[in-house]
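*Asks:* I have a structure I would like to understand better, so I am pasting it below and will then ask my questions one at a time.
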Amino acid sequence: MNPSSSRPTWAELSRTALRGNYRVLRENAMRADAEAVGVIKANAYGHGAPEALAVLIVDGCAWFAVTCLDEALLLQPQLKSHRTLILSGLFDGEAAVVTRHAFTPVLGSLQQLAWLAEAVPPAEVTPSSAPPFPLHLEIDTGMARQGIQWNDTTALAAFAAQLIQHPQLLLEAVMTHFASPEDPGSTQTAEQLERLRAALATLHEHGIAPPLIHAGNSASLFESAQITALRDIAQQSGSRLLLRPGIALYGYGPYPAERGLQPVLRWKTRIAALRTIAAGEAVSYNATFRATRPSRIALLPVGYADGYNRLLSNRGEVLVRGQRAPIAGRVTMDQTMVDVTDIAGLAVGDEVILIGEQGSERITADDLAALSGTIAYEVLCAIGTRVPRVWV
Ligand SMILES: *Cc1c(COP(=O)(O)O)cnc(C)c1O
């Protein structure tokens, strides 16, 4: 069960769940004449990118997205014949490696375009049979994070002019990123869609017609208004549409069960020790938990250095023998204590669920996120490298 560590704390990942989630997303994308990009950045949201990638490749996923060059390089042997988007653009000194491996950078500035042009041999020395090197351009339509601002017509015109001077490069796609796609009550996505239209019109005026457009994250795939608008924009510009689901691949996002998505990850540990403490005794640093009765305390070999958030101290629960046991006192760097006074028949070695189900009880990454003031994304990404990933 836990081949790479003898310490019994591990994450169990389900290939079946990942495959099922991908198929739901692919079908939703196909209904919009679109293709789903498999977003496997941040080690596949903490799940383990090589294994997630292998599952998605077998299922026919052709496009993948990572954050940075380092992530792409780690996966390079598997990614060879697949398209790999590098979402965070290009940093100084990376262009030669990016082009050598035929990764596809999402550019957001003229500076990045200049670095790329420098790294790709100019057209006159390229054999005429060599296709131009594809790049993608991000338009900032409201995230204010990266990309050329949608209404910066000067920068868009300059980008187009630079491209015309570098026929060895091809602007294959224009993309944007939505800030509030999971909120159907927000008008922001509609506004961002209009801004994307405007930026595409500007590029058209300067002779640029990208074969592809991409936008939309997991939530977008379930919001028909967004999908319809994106399909309309793509049709209008004569482009194919790609959508970029991430968190939904791993079974999270809004209403996952209603949407046919299943969590891929379970996080487990085992009871390492049991002790009984007298009423009035304290547990863990600074005595933030004090027993009000003789109490049975179980030791779990997991702590905040494993990504088990310290904000769960005295708030979180785990599952053992199908019952909920509250965390007693502070989560420490490497260990956590739980109050198991009300659970009979426990033994050292019993399996404990941090995320997952046992009997009729269930704890999700959303539950831990709610208790620690964050989102499931962060809970999953935070699971430490010390926790072995076991694919089943
Ligand atoms: C992370 C990311 C996604 C995926 O978002 P989810 O909310 O996980 O579906 C899509 N596009 C970009 C640019 C991203 O950074």
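No value in this document is a laboratory result; all are computed from the given coordinates. Just so it is clear, the structure is predicted and the values come from calculations on it, not from any experiment. Counting neighbours? That spans all protein chains shown, and the Cβs are built from the backbone with ideal geometry, glycine included.
*Asks:* Between the helical axis of 153-165 and the dominant principal axis of the chain, each derived from Cα atoms, what acute angle in degrees is found, rounded to the nearest 10?
*Replies:* The helix 153-165 is inclined about 70 degrees to the chain.
*Asks:* Hey, another quick one. Which of the peptides 323-336, 373-386 is most tightly packed, and how do the rest follow, going by the mean number of other Cβ atoms within 10 Å of each residue? Kindly include the intermediate steps, with their values, before the conclusion.
*Replies:* Details: 323-336: 19.9, 373-386: 17.9.
In descending order of packing, they fall as 323-336, 373-386.
*Asks:* From the phi angles alone, apply the Karplus equation (6.51, -1.76, 1.60; θ = phi - 60°) to region 323-340 and give each ³J(HN,Hα) in whole Hz, x where the residue is Gly or Pro.
*Replies:* 10, 8, 10, x, 5, 10, x, 6, 5, 9, 4, 10, 8, 9, 10, 10, 8, 10
*Asks:* For helix 69-79, report the angle its Cα long axis makes with the longest principal axis of the Cα atoms of the chain; keep it between 0 and 90° and round to the nearest 10°.
*Replies:* Roughly 90 degrees between the two axes.
*Asks:* Moving to a separate point now. Would you mind pulling out the separation of the Cα centroids of region 356-371 and region 142-207, in Å?
*Replies:* Measuring centre to centre over Cα atoms gives 39 Å.
*Asks:* Taking H as built 1.01 Å from N, whose amide H comes closer than 5 Å to the amide H of W391, not counting residues under 5 places away?
*Replies:* For W391, the qualifying residues are L13.
*Asks:* In addition: Taking only Cα atoms, what is the 0 to 90° angle, nearest 10, from helix 110-119's long axis to the longest principal axis of the chain?
*Replies:* So the helix axis and the longest Cα principal axis differ by about 80 degrees.
*Asks:* Once you sort the root eigenvalues of the Cα gyration tensor of region 32-259 as a ≥ b ≥ c, which label holds: rounded (a/c under 1.5), prolate (a/b larger than b/c) or oblate (the other case)?
*Replies:* Values: a/c = 1.86, a/b = 1.16, b/c = 1.60.
It is oblate, given that a/c is not under 1.5 and a/b is not larger than b/c.
*Asks:* While we're on this one: Per residue of region 301-309, what does 6.51 cos²θ - 1.76 cosθ + 1.60 with θ = phi - 60° give for ³J(HN,Hα)? Whole Hz please, x for Gly and Pro, Karplus curve as stated.
*Replies:* Listing the rounded values in order: x, 8, x, 5, 5, 8, x, 7, 4 Hz.
*Asks:* Residues with amide H under 5 Å of L107's amide H, sequence separation 5 or more or different chain, H placed in the peptide plane at 1.01 Å from N; which?
*Replies:* When sequence neighbours closer than 5 places are left aside, the close amide H contacts are H136, L137, E138.
*Asks:* Show that you can apply the helix-only estimate: for the chain, add -39,500 (n - 2.57) for every DSSP H stretch of four or more residues, divide by all residues, and state [θ] at 222 nm to the nearest 500.
*Replies:* Values: 11 runs with 117 residues, N = 392.
Rounded to the nearest 500, the figure is -9000 deg cm²/dmol.
*Asks:* Mean projection of the alpha-carbon convex hull of the chain over all orientations, in nm²?
*Replies:* Working: hull surface 85.0 nm².
The number I arrive at for the chain is 21.3 nm².
*Asks:* Same structure, new question: Apply the a/c threshold of 1.5 to the C-alpha gyration tensor of region 1-118 and tell me whether it is rounded, prolate or oblate. Before the final figure, lay out the partial values.
*Replies:* On the way: a/c = 2.55, a/b = 1.40, b/c = 1.82.
Because a/c hits 1.5 or more and a/b fails to exceed b/c, region 1-118 counts as oblate.
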